[in-house]
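Trainee: To start, I am sharing the structure in question, which I have written as structure tokens.
Just so it is clear, none of the values below were taken in a lab; they were calculated from the coordinates. A quick note: this is a predicted structure, and the numbers were derived from the prediction, not measured. Cβ: placed from backbone, ideal geometry, glycine included. Neighbour counts: every protein chain shown.
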Amino acid sequence: MTTRQTILIVDDEPQIQRFLGHALMAAGYETRLAGNGSEALASIAAQEPDLMILDLGLPDMNGKEVIERLRLRSDLPVIVLSAHDQEMEKIMALDLGADDFVAKPFAIGELLARLRVGLRPRRSSRVEVISQDGVVIDLDAHQVTRDGEQLRLTPKEFDLLAVLASNAGRVMTHRRLLQQVWGPAHVDDVPYLRVFIGQLRQKLEADPARPSLILTEPGIGYRWAQPESGKT
Amino acid sequence: MNQVDTAQFKDAQFRDDRRWMTAPSLGGFLGAASILVVIAVTVGSARQVLPESIAILLFLTAVLINAAGFGFWIGIASAFGALAGFNFMYVEPHFTLHIAQPQDLITLAVFLLAASITGLISGRLREQVDAAEARAAALEVLSQVSTELAGAATPSDVTRIAVRHLNALSMGPALALGPVDGQLRLLAAVPEGYLPEASELEAADNAWRRGRPEFASAQGWSGSRLTFYPVNGGTERKDAIVLGHARIPADRRNHGWRDQVIAVIMRQITQALQRLALTERAAAERRRATSEELRAALLASLSHDLRTPLATILGSVTTLRQLGGTLSPEAQDDLLAAIEEEAERLARYVEKLLQLTRLQAGVEVHSTWVDAGDAALAAVNRARRAWPDARIEDAIPPLPMIHAEAGLLEQAVFNLIENAVKYAPGVIRVAGTVEAAPAGAEPGTGRVLVLSVTDRGRGLPGPIGEWLASDSMTVGPQLTGLGLQISKGIALAFGGTIAASHSALGGAVLEIRLPVPKEQGA
């Protein structure tokens, strides 16, 4: 048995800290607590945790600022908790380098699932073949099949699919997808992205109107559904 | 005072201005006659020593004086009188009025010429004096009207001022009519109780519908006896009011300047109404902006104040259900306690939200006479029940009644106490005082009722104090909860303010400052 992984909980609400502490302990994690941004940064500097759960509305500095400062020296996975339903907040946090977000209020199962994705080691070597829900993506051969049937994808469609599928379970913002697939000049061409996602869904999904592989995060981006094996 | 002035002006101005045509008055005749008699007696008694030429000059002087002083006709009459007197004493045969020589006719002609020229010149002079007086009177009326209009606070003030002056200027009934539910109704009339006839109402209605003046029918013709002008301070024709005044009598030769004054007054009234309409629109805009800001503040704080307890409740419940087996009994208890506490907190927020929603509408605040002291005490008692451990003192003497809503006022004070309980350990003091109007304040400001909550904590962060003091209802600094925002909203809704300062003992002082209505001064 490996040592328990440490989660840093950064939230100014004692009640949130309280139940997250119990829940994460019960789920088998060590927890550390911080009530504001500078405490969080100090705690990370003292000893880096395995993941940080960060509330965006902190009394001393904005959560976005915490991420920005953190990213200067660490790629510690960060899951953002947000009580603000403004999309911009989340998008900016994600663009600044947060790995995922969970909107308050949330069920613990959702947070734990995101935690597992966040704690999963990032793929150092590319996985050759991704297989999920009858769809098989061969990244090297640039080939995609659904139920054994070969699909015809344009090069851009394939690139987009590759980026999404290799980040299974992680939210990918519009900006990040556009930058990786089309380049920095196209980061604002969200309608363009939407068209390609639509085409991919037409080709991949069993029911394009109710996608089960490429999930929409409204206003923020897309997420490749986490493989079944990873779910609780 | 204004009434008196206009009456005086009326007397001064309605004399005819063409003086040389004026019919001579009896007083004028008597005056002229006595001057002639004095001259005649003087000349008669000194007849032995006065040469004839000097006597003629003396009589001529009398004619000039009379013509200049009493007008053309008396001047002519004096010329005859003077000639008669001179003739009586100097012309052969003495002491008769018999004219024997032709040079006497020449003397008469000279007298008549002098009298008529002098009479005409002095008449013209009087005309000019009268015209100047009329101009001065017109200016006085206009400046009076504009002074009064500048002080008018409501459109009905404006119509009252207008009707009063129109009545004085036209020396007849004056009316103001305005639309009420799409129908023209009488707003004001001078003399009071004047009821317009059907023909007048019809003319007023025409003026209102067509948006142009409807003139009185000429004397002797059937139709409206009043002239009606539509006057519009707004943008829509139907917003116009109609002002009516009696026809300026045609036999008044100076009616021209009256028409001009009335035209100018109409323009002034239009401007006054426009000014009031603009002021009203600006005020409405301000109210709307405040309400928008209140809504924005509400939405922003919703996120934090409603979702945090919800997050704890949902998170704790799902933790208990999904991880219950692995939790220690203490942890399970703690989670249940957290759920209970947060559910109660949520209930309090929802209650506040309902109140804020009412505040947001602004107009729905039903202000009545409220005993501010009772409301503050009720808040203190509620706070003592909610936090039995908190030490809350009250120093609330009998306070004046103010215009407010008891429930909201209580909530405003309660929120301040709640804030103190949450952030400042130690004694909390709730006090009520009344301050005199600050020196140099506008005359309208009266006394101020101050409800204060003083704590022994570390004091409020600066930005919150600044935010509280501002007029803005925009989102407060991040630390501001719903409570302070509601207190501020309530204070603003009752025409008051909220202020924060540091107490001498080191804590924060939060004050709700509300105006004490004037009637309560007695």
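Trainee: Is the stretch B:132-193 best put as rounded, prolate or oblate by its Cα gyration tensor, with a ≥ b ≥ c the root eigenvalues, rounded for a/c under 1.5, and otherwise prolate when a/b is larger than b/c, oblate when not?
Mentor: Numbers: a/c = 3.19, a/b = 1.69, b/c = 1.88.
Judged from the Cα gyration tensor, the stretch B:132-193 comes out oblate (a/c at least 1.5, b/c at or above a/b).
Trainee: Using packing as a proxy for protection, rank B:142-152, A:141-151, B:399-409 so that the peptide with the highest average count of other Cβ atoms within 10 Å comes first.
Mentor: On the way: B:142-152: 15.6, A:141-151: 12.6, B:399-409: 20.6.
Sorting B:142-152, A:141-151, B:399-409 by mean packing, highest first, produces B:399-409, B:142-152, A:141-151.
Trainee: Which value results when the Cα radius of gyration for the stretch B:165-248 is divided by 2.2 N^0.38 Å?
Mentor: Output field value: 1.00.
Trainee: Starting from the 7 Å offset along Cα-to-Cβ, what nm value, one decimal, do you get for the label separation of B:Ser470 and B:Ala289?
Mentor: Once both label points are built, they end up 1.2 nm from each other.
Trainee: Can you pull the mean other chain C-beta count within 10 Å for peptide B:318-327?
Mentor: That works out to 6 on average.
Trainee: If you wrap a convex hull around the alpha carbons of chain A, what volume per residue comes out, as a whole number of Å³?
Mentor: Details: hull volume 32.2 nm³, N = 232.
Convex hull volume per residue, Cα atoms: 139 Å³.
Trainee: May I ask you to list the trypsin sites (Lys or Arg not before Pro) in the stretch B:363-417 that are in a DSSP loop and have at most 15 other Cβ atoms within 10 Å of their Cβ? Write down the numbers at each step before the final one.
Mentor: On the way: sites: B:Arg382, B:Arg384, B:Arg385, B:Arg391; in loops: B:Arg391.
Within the stretch B:363-417, the qualifying trypsin sites (Lys or Arg not before Pro) (loop, at most 15 other Cβ atoms within 10 Å) are B:Arg391.
Trainee: Dividing the alpha-carbon Rg of the stretch A:124-232 by 2.2 N^0.38 Å yields what?
Mentor: 1.01
Trainee: Calculate the all-directions average of the projected area of the stretch B:387-437's alpha-carbon convex hull, and give it in nm².
Mentor: On the way: hull surface 18.3 nm².
In nm², the orientation-averaged hull projection of the stretch B:387-437 is 4.6.
Trainee: Go ahead and estimate [θ] at 222 nm for the protein assembly as shown from helices alone: -39,500 (n - 2.57) per DSSP H run with n ≥ 4, summed, over the residue count, rounded to 500. Intermediate values should be presented prior to the final figure.
Mentor: Working: 21 runs with 392 residues, N = 754.
Counting only the DSSP helices, I get -17500 deg cm²/dmol.
Trainee: In whole Å, what is the distance between the alpha-carbon centres of the stretch B:491-518 and the stretch B:366-424?
Mentor: 13
Trainee: Provide the gained length on full extension for the span B:Arg210 to B:Ala136, in nm with one decimal, where the gain is 0.36 nm per separating residue minus the Cα-Cα distance. Before the final figure, lay out the partial values.
Mentor: Working: separation 74, 0.36 × 74 = 26.64 nm, distance 3.49 nm.
Full extension from B:Arg210 to B:Ala136 adds 23.2 nm.
Trainee: What is the packing order of peptides B:192-201, B:487-496, taking the mean over residues of other C-beta atoms within 10 Å and listing the highest first?
Mentor: Those peptides, ordered most packed to least, come out B:487-496, B:192-201.
Trainee: Take every Cα-Cα pair in the stretch B:54-211 and report what % of them are more than 20 Å apart.
Mentor: 68
Trainee: Also, quick follow-up: Would you mind giving the three semi-axes, in whole Å and largest first, of the ellipsoid equivalent to the protein assembly as shown according to its Cα gyration tensor? Present the calculation step by step, with values, prior to reporting the outcome.
Mentor: Working: eigenvalues 1906, 238, 97 Å².
In descending order the semi-axes read 98, 35, 22 Å.
Trainee: Based on the mean of other Cβ atoms within 10 Å per residue, sort peptides A:15-21, B:425-431 so the most packed one is first.
Mentor: A:15-21, B:425-431
Trainee: What average number of partner chain Cβ atoms lie no more than 10 Å from the Cβ of the residues making up A:100-110?
Mentor: 5
Trainee: How big is D, in µm² s⁻¹, for the stretch B:119-158 by Stokes-Einstein at 20 °C and 1.002 mPa s if Rh is the Kirkwood radius over C-alpha pairs?
Mentor: Working: Rh = 12.1 Å.
Answer from the Stokes-Einstein relation: 177 µm²/s.
Trainee: Oh, and also: Note the angle between two axes, namely the Cα long axis of helix A:190-204 and the longest principal axis of the Cα atoms of chain A, as a number of degrees from 0 to 90, rounded to the nearest 10.
Mentor: It works out to around 60 degrees.
Trainee: Can I ask one more? Filter the chymotrypsin sites (Phe, Trp or Tyr not before Pro) in the stretch B:369-427 down to the DSSP loop ones having no more than 10 other Cβ atoms within 10 Å, then list what survives.
Mentor: Filter output for the stretch B:369-427: empty list.
Trainee: How crowded by other chains is B:333-345, given as the mean number of beta carbons from other chains within 10 Å of each beta carbon?
Mentor: 2
Trainee: Starting with the fewest neighbours, write out A:Leu51, A:Leu164, B:Leu377 ranked by other beta-carbon atoms found within 10 Å of each beta-carbon.
Mentor: B:Leu377, A:Leu51, A:Leu164
Trainee: Starting from 0 in steps of 5 Å, tell me what percent of the Cα-Cα pairs of the stretch B:163-204 lands in each bin.
Mentor: 5, 24, 29, 27, 11, 3, 1
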